[in-house]
1. Scan (1) touching an Asp or Glu at 6+ places or on another chain (Cβ under 9 Å); (2) in a strand (DSSP E or B) for the single condition ARG9 breaks and write down its number.
2. Considering GLY199, GLY177, GLY185, which residue is crowded, with 20+ Cβ neighbours inside 10 Å, among the small types (Gly, Ala, Ser) and at positive phi?
3. Would you confirm, using the coordinates I've provided, whether ARG184 is out of contact with any strand residue (DSSP E or B) (no Cβ under 9 Å at 6 or more places or on another chain), within 26 Å of PRO210 (Cα to Cα) and modelled with pLDDT of 95 or more?
4. Return only the number of the condition from (1) closer than 30 Å to THR52 by Cα; (2) crowded, with 20+ Cβ neighbours inside 10 Å that ARG113 does not satisfy.
5. All but one of (1) modelled with pLDDT under 95; (2) under 19 Å from MET1 (Cα atoms); (3) loosely packed, with under 14 Cβ neighbours inside 10 Å hold for GLU17; which doesn't?
6. So, in the range 64-88, how many residues would count as being of a type in the set (D, E, K, R), touching a Lys or Arg at 6+ places or on another chain (Cβ under 9 Å) and buried (at least 21 other Cβ atoms within 10 Å of the Cβ)?
7. In this structure, is SER214 surrounded by 13 or more Cβ atoms within 10 Å (Cβ to Cβ), assigned to a loop (DSSP other than H, G, I, E, B), over 18 Å from the mean Cα position of the chain (by Cα) and not basic (Lys, Arg)?
Amino acid sequence: MPSFRHEMRCESLYAGEIVAELQVVRIAGIDEVGRGPLAGPVMAAVAVIDRTAARRRLLKLIDDSKKLELEDREAAYEAMIASGIVQFALGEASVEEIDRINILQATFLAMRRALQALADRPHVVLIDGNQKPPELGCRAEMIVGGDAVSYSIAAASIFAKVTRDRYMSQLAEQFPGYGWHTNRGYSSREHLAALGRLGPTPHHRRSFAPVRESTLAFGMAD
């Protein structure tokens with residue numbers, strides 16, 4: 001289960017170094033969703049929780065988004081917004097950017113955009129994973145499996161996942177047949193079959209092998 005252990009460690013570690021008197025170290029969590037799908041953008045979110053005001057009832061809802069059922073993710077998302085103690089921002093990288101600079105660099109780009117969109121810049125960010133994005137503009141702590149152990153990262157994972165899922169559901173209405181309302185653009189059997197039957201859409205990542213192959217099959221290569 002998540003906790004504030006990593007947030008408190010960073011507060012203690014950096015307090016005397018980077019924060020002026022009577023201020024607190026501002027800690028944010030960052031996570032992304034959508035690195036693996038064949039379609040749709042990669043989405044990142046940054047979240048800052050006022051842990052001194054966080055109540056157990058809210059914290060019980062926050063966990064790694066992958067562990068939560070859809071209804072529980074939606075409930076946590078809405079509860080965090082309604083609480084008024086969780087600040088968050090989103091960033092994304094488009095399919096075109098993914099194809100141009102590769103999915104890893106596009107993920108880093110989405111994270112930087114999320115940070116830039118946050119009203120109050122954090123002193124330290126906790127990031128799920130083991131690869132530090134460049135040019136963040138603040139200190140970063142990498143935590144493998146961070147969305148399962150840090151409330152800040154878990155909150156970010158929920159914001160990113162719910163936002164991207166809602167977007168893919170909207171795209172599913174515009175491009176029926178690919179099953180994006182359930183597979184969210186990942187390479188499910190239904191999605192792969194639709195690629196073979198219908199070909200790629202403008203929202204498919206043409207640098208990913210199954211899409212590239214279907215693009216060639218349909219004579220749609222650039």
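1. (2)
2. Numbers: GLY199 fails: crowded, with 20+ Cβ neighbours inside 10 Å; GLY177 fails: crowded, with 20+ Cβ neighbours inside 10 Å.
Checking each option against the conditions leaves just GLY185.
3. Working: out of contact with any strand residue (DSSP E or B) (no Cβ under 9 Å at 6 or more places or on another chain): no; within 26 Å of PRO210 (Cα to Cα): yes; modelled with pLDDT of 95 or more: yes.
Considered against the rule, which asks whether it is out of contact with any strand residue (DSSP E or B) (no Cβ under 9 Å at 6 or more places or on another chain), within 26 Å of PRO210 (Cα to Cα) and modelled with pLDDT of 95 or more, ARG184 comes out as no.
4. (2)
5. Every condition holds for GLU17 apart from (2).
6. Count: 1.
7. Working: surrounded by 13 or more Cβ atoms within 10 Å (Cβ to Cβ): yes; assigned to a loop (DSSP other than H, G, I, E, B): no; over 18 Å from the mean Cα position of the chain (by Cα): yes; not basic (Lys, Arg): yes.
No; evaluated as a whole, the condition is false for this residue.
Here's the yes/no breakdown for (1) of a type in the set (A, V, I, L, M, F, W, C); (2) at pLDDT below 95; (3) crowded, with 19+ Cβ neighbours inside 10 Å:
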residue: ASP99; (1), (2), (3): no, no, no
residue: THR107; (1), (2), (3): no, no, yes
residue: ASP120; (1), (2), (3): no, yes, no
residue: HIS123; (1), (2), (3): no, yes, yes
residue: ILE127; (1), (2), (3): yes, no, yes
residue: ASN130; (1), (2), (3): no, yes, no
residue: CYS138; (1), (2), (3): yes, yes, no
residue: SER150; (1), (2), (3): no, no, yes
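The values are calculated or read from the model by the stated rules, or taken from the named source; none is laboratory data. All figures in this text were calculated on a predicted structure; none of them were measured in a lab. All Cβ positions, even for glycine, are placed from backbone atoms using ideal geometry, and neighbour counts span all protein chains on display.
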